[in-house]
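Written out below as C-alpha cells is the structure these notes cover.
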Amino acid sequence: MTENNFKTADEAWSAFSAGEAKGYAVDIANALGLTEGELVAAGIGQNVVRLDADWGDLISRLEELGEVKILTRNVNVVHEKTGTFGKVSINGEMGLVLNGDVDLRLFLGRWGHGFAVETHNPRAGRRRSFQFFDHEGGAIHKVFLTGKSNEAAYDALIAAFKSDNQVPGIDTLPALPQQVTCKDADVDVENLRAHWRRMTDVHQFHGLLKDFNVGRHQGMRLVGPEFAERLSDDAFKILLETAAKSDLSIMVFVGNSGAIQIHTGPINTIREMGEWINIMDPNFTLHLRMDLIAQAWLVRKPIREGQVTTIELYDADMNNFAIFCGERKPKDPENPEWQKMAENMPRFEIETASAAE
C-alpha cells in the first residue's frame, strides 16, 4: 500500500514520473484499482511513448543499446541483471536471448503493450526505459538504460517503433481463467512416478505434468519423497547464506507469464530488510518477499546424465515464483557441490498435535 491520495491515473503518473509519489508504480496503480500498464499508459503524450511492433523485431535490435539493466518480476520477487542483449532468436511466439548476463526465455504471445518511458527523479535523475506489459496490463519485462548505454540508439528505436496512436490509455483484457487440473484422487500416482523416473531431459518435465493434467505443486505433493520433499520454512534463507559463502555458481530463475529471466554465477552479498531478503551484487540484484513464501520444495528431475536438483518457491496459491539450481551445461552431469548443498537443506516437519479430545 502507498500513502498517496491520487484521484486519477493521470495525476498519479505525473507525480510518480517526477519522483513526487511514494512507493513503486505497481503499488500506486493497485491503490487506484488499476494495473501498472494502465498507470504507465496514462503518461502517453507526456513522457511515455506507445510502441507498435512485432515484439521480436524490437527485441532483436535491443543490443544496439549497449549495456542495459533488465528487470523481470512477479508479485513476490524482482530479478535485475546488468548486461547487453545479443544472441537473440525468435521462433514464432517463442524468444530466446542467450547473451551471458542477459539470459531470457520470452513468451511473446503474452506481450500486449510496450512503451518507451522517461522519468525524472530528484535523487535518481533521469531514467529511460522500454517497458512491456501483458494483455491484462501486468508488467512482463523492463529494459533500463545505464550510464553506459547508447542514448542515440534508444531514440532511434523509438522512432522506428513509435505507434501512430499516442492517445493516453490502453484497453486491457480480463485475467485468463486458471488451468483446471485433475483432482488428486483421479491421478494415477504410480504411473506418474514411473514416467517421472523415466525422464531423460529436464525439459520433459512440463510435458509430463501436462500429460497427467496435474499442476506443478500438485505433482510435487503426489510424486513422493523419491523425487520431491518439502523444505522447512527457513530453508531458503539458509540456502542463500550457504551459497554466498561457497562461491558456487548457481542459477536463479524468476518469471511471469511472458518472460523468464535467469542469473548464472556466484552470489555474494545477502541483506535482509524487513520482510525482504535481497541479493545485492554488482550485476545482479534480487528482491524477494520472504513472508510470501508459503512452501519451499526440493525437487529431483532425472536426466540422462543423472539428475537435476532444484529448490522451488511457492506462494499461498501454490504458484511457483522462483527456482534455484546449480550451473550446468547441456550434456554435463549436475555439479555435486550444488547437489550436496541442496540436499543438506532442512526438511519440513509436521508438528504432531496433541490429542485434545
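The values are calculated or read from the model by the stated rules, or taken from the named source; none is laboratory data. The structure displayed is predicted, hence computed values, not measured ones. All Cβ positions, glycine included, derive from the backbone under ideal geometry; neighbour counts span all protein chains shown. Accessible surface areas use protein heavy atoms only, side chains included; no ligands, DNA or RNA. Shrake-Rupley method; radii C 1.70, N 1.55, O 1.52, S 1.80 Å.
Counting residues in segment 184-204 that are among the basic types (K, R), surrounded by 13 or more Cβ atoms within 10 Å (Cβ to Cβ) and over 22 Å from I293 (Cα atoms) gives one or more. Is it fair to say I262 is assigned to a strand (DSSP E or B), modelled with pLDDT of 95 or more and among the aliphatic types (A, V, I, L, M)? Considered against the rule, which asks whether it is assigned to a strand (DSSP E or B), modelled with pLDDT of 95 or more and among the aliphatic types (A, V, I, L, M), I262 comes out as yes. The single condition among (1) open to solvent by 10 Å² or more (accessible area, probe 1.4 Å); (2) over 18 Å from the mean Cα position of the chain (by Cα); (3) under 20 Å from L108 (Cβ atoms) that R73 does not meet is (2). For segment 158-198, which residues satisfy the criterion of being out of contact with any Asp or Glu (no Cβ under 7 Å at 6 or more places or on another chain) and of a type in the set (A, V, I, L, M)? If the condition is that a residue be out of contact with any Asp or Glu (no Cβ under 7 Å at 6 or more places or on another chain) and of a type in the set (A, V, I, L, M), then I158, A159, A160, V167, L176, V180, A185, V187, V189, L192, A194 are the ones that fit. For N344, are the conditions met, namely being of a type in the set (S, T, N, Q), touching an Asp or Glu at 6+ places or on another chain (Cβ under 8 Å) and modelled with pLDDT of 95 or more? Judged against the criteria, N344 is not a match.
Report yes if N91 is touching a strand residue (DSSP E or B) at 6+ places or on another chain (Cβ under 6 Å), among the polar types (S, T, N, Q) and farther than 26 Å from F324 by Cβ, otherwise no. Against the criterion (touching a strand residue (DSSP E or B) at 6+ places or on another chain (Cβ under 6 Å), among the polar types (S, T, N, Q) and farther than 26 Å from F324 by Cβ), N91 does not qualify.
Taking the criterion of being under 18 Å from F115 (Cα atoms) and either open to solvent by 80 Å² or more (accessible area, probe 1.4 Å) or of a type in the set (D, E) (or both), the residues of segment 138-158 that qualify are E151, D155. So which residues in segment 58-91 are over 16 Å from E151 (Cα atoms) and free of Cβ contacts under 8 Å to residues at least 60 places away in the same chain? Once the filter is applied, which keeps residues that are over 16 Å from E151 (Cα atoms) and free of Cβ contacts under 8 Å to residues at least 60 places away in the same chain, segment 58-91 yields I59, S60, G86, K87, V88, S89, I90, N91.
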